1. Looking for whichever is at pLDDT below 80 and under 24 Å from residue 249 (Cα atoms) here; the options are 262, 294. Which one fits?
2. Right, residue 56: farther than 17 Å from residue 196 by Cβ and either in a loop (DSSP other than H, G, I, E, B) or touching an Asp or Glu at 6+ places or on another chain (Cβ under 6 Å) (or both) or not?
3. Among the residues of segment 26-51, how many are outside any loop (DSSP other than H, G, I, E, B) and surrounded by 15 or more Cβ atoms within 10 Å (Cβ to Cβ)?
4. In segment 91-101, which residue that is in contact with a Gly (Cβ under 8 Å, 6 or more places away or on another chain) and not in a loop (DSSP other than H, G, I, E, B) is modelled with the lowest pLDDT?
5. Just for helices (runs of 4 or more DSSP H) wholly inside segment 102-219: which have at least 3 residues that are at pLDDT 90 or above and open to solvent by less than 40 Å² (accessible area, probe 1.4 Å)?
6. Do any residues in segment 140-159 that are closer than 17 Å to residue 106 by Cα have Cβ atoms under 6 Å from those of residues that are of a type in the set (Phe, Trp, Tyr) and open to solvent by 40 Å² or more (accessible area, probe 1.4 Å), where the two are at least six apart or on different chains, and which pairs are they?
7. Could you please let me know if residue 76 is assigned to a loop (DSSP other than H, G, I, E, B) and under 18 Å from residue 4 (Cα atoms)?
8. Residue pairs, Cβ under 8 Å, 6 or more apart or interchain, first in segment 72-84 and farther than 16 Å from residue 117 by Cβ and without any contact (Cβ under 8 Å) to a residue 24 or more places away in the chain, second in a helix (DSSP H, G or I) and open to solvent by 20 Å² or more (accessible area, probe 1.4 Å). List them.
Amino acid sequence: MDLSIIVPLFNEAESLPELYSWIKRVMTANNISYEVIFVDDGSTDGSWDIIEGLKNQEPEIVHGIRFRRNYGKSPALFCGFKAAQGDIVATMDADLQDSPEELPEMMRMIREDGFDLVSGWKKKRYDGKLSKNLPSKLYNWTARKVTGIHLHDMNCGLKAYRNEVVKNIEVYGEMHRYIPFLAKNAGFQKIGEKVVHHQARKFGKSKFGLDRFIHGYLDLLSLWFLNRFGKQPMHFFGFWGSVMFIVSFIAIIVVGASKLVALGRGIQAPLVTSNPYFYIALTGMVLGTLLFLAGFLAELISRSSGSRNDYKIAKTF
C-alpha cells in the first residue's frame, strides 16, 4: 500500500463526507493505493455514524478508531500511527483546512528526494486573527531555536512520513506539536518542508485556544530536557547541585573568616548569625544538596527503567 492517511477528529461530522470525497478524488487521479484511518476522539455530534457509513461504502479503504472520551490529538495520532500500514503515512486535520491535493507532491519528496518527514507550511493563512498569528510566529521561532529544526510551521497538521518514522516515535500528552523534534531525536535527520494551501474553515469552529501556546512552551522545555538529560539526569542535577553547594560552602567560609579576622584585629564584629549572607549561603547549601539528591534518585529511576537500553537501530547484518 502506498499511503495511509490518518485523520484525527473531534466533532467534525459536517466536514467528513466532503473530506473523504476529496481524498478519494485525489488518490484516484494519481493512481495511489491508500487507506484512510479516522480517529474519533470522543465526538458527541454523530461523527462516528458518518465514519461507519463511509466504512460500509469502502470497507477495504476506510478504517475507524473511536475513543470512549476525548483524550486529545496526541493519543489519536499515536493510535493512528500504530494502525497505519502504508509505506508513507500522512496526517491531516478533518476541518477541510488541509488540502489532500498536497499529498502526491509530499509523497514524491519522500520517495525521490529522500526526506524522512515532510511538514506543511501554511505560508498564507485564512484564520488571520492577530491573537493566533503573533503567538504562532513567536512559538515557531522559539521552537526553531531550541530544536535546531528550521521549520516555519512545526505544528502544521498536514505532514507526511516514512512508515518507519511513525513506528519509531512515541506521541503522548500534547507532544503532537513537536513530532519533527521527536523524529530527529529518534535519528531521522532529513526533515523537509513544503508550502501548502490553507483554506478557511467551512464548518464549526476551532477546538484550540490560546492556552495551547502556554502548554506548547512547557512541552518544548520538557522534550529538550528529556532529550538532553533523560538518560543521565545526574549530569544536570548533580552538576548544578554540586556547584551550588560548593559556592555556598565557600561563601560561609568567607563569612566565618571575616569574623575571625575582625576578632584578631580587636575589632568588634557582629555575630555570624546576624549576617544575612550566612543565611543565603546556608540556603544555597541546602538547595545544592537537594538538587544532588534529586539527580541521584532520578539516576536510580532511569537505571531501573525498562526502556533504558531502547536504542533506535537502523540496520543490522
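The values are calculated or read from the model by the stated rules, or taken from the named source; none is laboratory data. Nothing here was measured: the structure is a model prediction, and the numbers come from that model. No Cβ is skipped: glycine too gets one built from the backbone with ideal geometry, and neighbour counts run over all protein chains shown. What goes into the accessible areas is simple: the full protein's heavy atoms, side chains included, and nothing from ligands, DNA or RNA. Shrake-Rupley method; radii C 1.70, N 1.55, O 1.52, S 1.80 Å.
1. Of 262, 294, the one residue that is at pLDDT below 80 and under 24 Å from residue 249 (Cα atoms) is 262.
2. Working: farther than 17 Å from residue 196 by Cβ: yes; either in a loop (DSSP other than H, G, I, E, B) or touching an Asp or Glu at 6+ places or on another chain (Cβ under 6 Å) (or both): no.
Answer is no for this residue.
3. Number of matching residues: 13.
4. 98
5. Answer list for segment 102-219: 103-111, 163-167, 179-185.
6. Here the result reads 152/121; 153/121, each pair linking segment 140-159 to a residue that is of a type in the set (Phe, Trp, Tyr) and open to solvent by 40 Å² or more (accessible area, probe 1.4 Å).
7. Working: assigned to a loop (DSSP other than H, G, I, E, B): no; under 18 Å from residue 4 (Cα atoms): yes.
Taking the combined requirement at face value, the residue does not satisfy it.
8. Pairs that qualify, where the first residue is farther than 16 Å from residue 117 by Cβ and without any contact (Cβ under 8 Å) to a residue 24 or more places away in the chain and the partner is in a helix (DSSP H, G or I) and open to solvent by 20 Å² or more (accessible area, probe 1.4 Å): there are none.
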